[in-house]
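The values are calculated or read from the model by the stated rules, or taken from the named source; none is laboratory data. In this text the structure is predicted, and so the values were computed from the model without any measurement. Backbone-built Cβ (ideal geometry, glycine too); neighbour counts: all protein chains shown. For the accessible areas, the whole protein counts, side chains as well, though only heavy atoms, and no ligand, DNA or RNA atoms are used. Shrake-Rupley method; radii C 1.70, N 1.55, O 1.52, S 1.80 Å.
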Amino acid sequence: MTAVANRGRYIPWLFVGGFALVVAVNATMIWFAVGSFSGLYTEKPRDRGLHYNHVLAKQQQRDALGWRVETAWQPDSGRLEVAVFDAEGRPLAPSRLTAELVRPVKKRLPIGVALGATDSGRFAGYVDLPERGNWDLDIVVERGSERYALTRRMFLK
């Protein structure tokens, strides 16, 4: 009878070990989650939230322009192409065009892209990416007092 009773003594320790494993895995996942990304995309998010109606008004002004921006990425050469069109679909010649690549999941400075005109309303520039993956392309197009800004998520190889 004692042999049978001794044989089952390890079963409660299996439960303890199983729960300890779950706690250790969860603690590791929490440590990686807290240390990898703050979750904040903008500086001073509270201030931006307080002025959200202003942000919406600017977006409505942008949408009222009817401008369209097309982008293309050539992974072999690292060439970024941007084409800008007005509301009627004609190429747009902006007075200023800026583009920056932002890594959404890592804290690093944006990578500026020097774009040169290749054709009417078409621009291109070369970028040496430090790593492949998801990038946010922030584009600002200005013509006179009109300003059109957008962010496009791209998977760049």
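Looking only at residues in the stretch 131-145 that are assigned to a strand (DSSP E or B) and open to solvent by 60 Å² or more (accessible area, probe 1.4 Å), which one is farthest from VAL69 (Cα to Cα)? Checking each candidate, the answer is ASN134.
Taking the criterion of being in a loop (DSSP other than H, G, I, E, B) and open to solvent by less than 40 Å² (accessible area, probe 1.4 Å), the residues of the stretch 79-104 that qualify are ASP86, GLY89, LEU92, PRO94, ARG103, PRO104. Being without any contact (Cβ under 8 Å) to a residue 40 or more places away in the chain and on the phi > 0 side of the Ramachandran plot: is that true of GLY89 here? So GLY89 passes the test.
When ASP63, ASP128, ASP76 are checked against the criterion of being surrounded by fewer than 16 Cβ atoms within 10 Å (Cβ to Cβ), in a loop (DSSP other than H, G, I, E, B) and free of Cβ contacts under 8 Å to residues at least 12 places away in the same chain, a single residue qualifies: ASP76. Taken over the stretch 146-157, the criterion of being of a type outside the set (Ser, Thr, Tyr) and either without any contact (Cβ under 8 Å) to a residue 24 or more places away in the chain or open to solvent by 40 Å² or more (accessible area, probe 1.4 Å) (or both) is satisfied by GLU146, ARG147, ARG152, ARG153, PHE155, LYS157. Among the residues here, ASP119 does not qualify as within 30 Å of GLY35 (Cβ to Cβ) and open to solvent by 80 Å² or more (accessible area, probe 1.4 Å).
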